[in-house]
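Below you'll find the structure, written out as structure tokens, and then a few comments.
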């Protein structure tokens with residue numbers, strides 16, 4: 001599959017460049033946003049290490065915090081002969097990602113979440129397109145961009161930043177697509193042109209979550225200990241169309257990758273990571289400002305090591321309404337799966353019924369419901385509010401958690 005994809009991408013690139021292109025003016029565009037968020041958050045499980053000396057263990061946490069999220073995009077576009085368009089895009093932001101541990105930071109022995117104070121690369125790629133489709137080379141999200149699920153607004157509720165105000169050493173980082181749909185990696189991506197509403201995409205990444213000047217090709221060294229998966233291939237098929245005043249979107253997504261067995265040579269005692277095949281389907285329907293959407297993803301053996309095999313899934317459903325300068329949304333996600341993000345170790349035993357020692361990081365169920373609203377005062381000036389309620393059933397009583405996050409957002413898009 002990898003050889004076929006590489007050969008196909010090479011042929012597409014040659015076809016696009018077959019006709020000699022002439023130099024023309026390049027258009028440079030700057031865009032982005034700055035989003036200041038004020039959050040009130042509560043977790044029933046959290047024990048603040050500063051308070052444990054004076055407050056009994058198990059005290060609930062009710063706190064207020066602020067975060068500032070910014071994104072800067074620079075794009076370059078040009079035109080060649082034979083209808084060839086080409087360009088590049090570089091995106092810098094300070095948001096949570098795989099490389100910064102999803103914004104996890106420690107303050108003493110605390111485990112509160114923080115976005116970075118520095119601007120790191122989010123995406124950086126070059127692209128070429130004409131009537132043959134679009135080819136992208138570099139650090140990008142991949143074919144998952146075609147996948148749709150429950151609609152959101154503003155800070156994106158269940159797919160947003162509410163978890164950055166929680167303790168991700170205890171709470172499962174649940175996302176609507178199960179596998180992070182923002183998985184920037186150095187990859188090759190090809191999108192077909194749209195034909196009768198249909199569009200397909202396929203992408204290949206030698207190493208998942210490896211981007212920039214990282215190179216994980218040196219086998220058996222610490223350089224390979226940056227991700228769990230190699231040779232990731234994504235394939236997506238989407239259709240968009242309308243009937244009378246109704247608009248529809250339907251998408252399917254398949255993702256597969258090989259477990260990075262070089263981890264065994266680096267990390268003593270690490271069980272082999274399983275290869276995985278993830279399948280998902282999602283859709284949305286819109287009418288007169290209303291949009292309804294849902295999705296279901298079966299991630300297969302993603303994030304599982306040898307011996308693990310409990311069911312994993314993520315389902316979403318929701319709706320939104322756009323009304324002049326305002327937008328409203330309600331969305332819900334429900335899922336279960338393995339949580340490799342418990343950096344502080346799996347919750348304290350004993351395990352709940354039906355679980356084996358190898359399932360010590362298994363989340364038996366995670367549910368979240370989000371409510372959101374935004375209002376655009378002037379072009380680019382947007383205020384928003386998010387309320388997300390969540391409940392987690394962990395592998396042990398110590399892994400259970402529930403709470404809420406209330407976010408107020410003031411944002412400027414440019």
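The values are calculated or read from the model by the stated rules, or taken from the named source; none is laboratory data. Bear in mind that the values here come from a model prediction, so they are computed numbers and not experimental data. With ideal geometry, Cβ positions are generated from the backbone for all residues, glycine too; neighbour counts draw on all protein chains shown.
Below are the figures for this structure:
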| quantity | calculated |
| --- | --- |
| Identity of the residue in region 381-392, more than 22 Å from the chain's Cα centre (by Cα) and free of Cβ contacts under 8 Å to residues at least 40 places away in the same chain, that ends up surrounded by the most Cβ atoms within 10 Å (Cβ to Cβ) | 383 |
| Among residues of region 378-403, those that are touching a helix residue (DSSP H, G or I) at 6+ places or on another chain (Cβ under 9 Å) and not in a loop (DSSP other than H, G, I, E, B), counted | 6 |
| Any pair with Cβ under 6 angstrom, 6 or more apart, that starts in region 393-406 at a residue that is farther than 8 Å from residue 347 by Cα and ends at one that is in a helix (DSSP H, G or I) and modelled with pLDDT under 95 | 405/162; 405/165 |
| Hits in region 280-322 - residues which are modelled with pLDDT under 95 and out of contact with any strand residue (DSSP E or B) (no Cβ under 7 Å at 6 or more places or on another chain) | 306, 307, 309 |
| Candidate set: region 149-174, residues that are assigned to a helix (DSSP H, G or I) and modelled with pLDDT of 90 or more; chosen: the one farthest from residue 43 (Cα to Cα) | 159 |
| Residue in region 96-111 that is surrounded by fewer than 14 Cβ atoms within 10 Å (Cβ to Cβ), at pLDDT below 80 and in contact with a strand residue (DSSP E or B) (Cβ under 7 Å, 6 or more places away or on another chain) present | no |
| Selection from region 332-350 of residues that are out of contact with any helix residue (DSSP H, G or I) (no Cβ under 7 Å at 6 or more places or on another chain), surrounded by 18 or more Cβ atoms within 10 Å (Cβ to Cβ) and more than 22 Å from residue 298 (Cβ to Cβ) | 342, 346 |
| Close pairs (8 angstrom Cβ cut-off, 6 or more residues apart or separate chains): at positive phi in region 146-163, surrounded by fewer than 24 Cβ atoms within 10 Å (Cβ to Cβ) and part of a loop (DSSP other than H, G, I, E, B) anywhere | 154/160 |
| Residue 181 vs. criteria surrounded by fewer than 24 Cβ atoms within 10 Å (Cβ to Cβ), out of contact with any strand residue (DSSP E or B) (no Cβ under 8 Å at 6 or more places or on another chain) and either modelled with pLDDT under 95 or farther than 30 Å from residue 381 by Cα (or both) | yes |
| Count of region 292-306 residues which are surrounded by fewer than 20 Cβ atoms within 10 Å (Cβ to Cβ) and assigned to a strand (DSSP E or B) | 4 |
| Residue that is nearest to residue 282 (Cα to Cα), among those in region 318-327 that are surrounded by 17 or more Cβ atoms within 10 Å (Cβ to Cβ) and in contact (Cβ under 8 Å) with a residue 40 or more places away in the chain | 318 |
| Number of the condition not met by residue 368 [criteria: (1) crowded, with 19+ Cβ neighbours inside 10 Å; (2) over 15 Å from residue 163 (Cβ atoms)] | (2) |
| Extreme residue, surrounded by the fewest Cβ atoms within 10 Å (Cβ to Cβ), among residues of region 189-248 that are at positive phi and modelled with pLDDT under 95 | 244 |
| Matching option when the condition is at pLDDT below 90 and either part of a strand (DSSP E or B) or exposed (fewer than 15 other Cβ atoms within 10 Å of the Cβ) (or both), among 42, 75 | 42 |
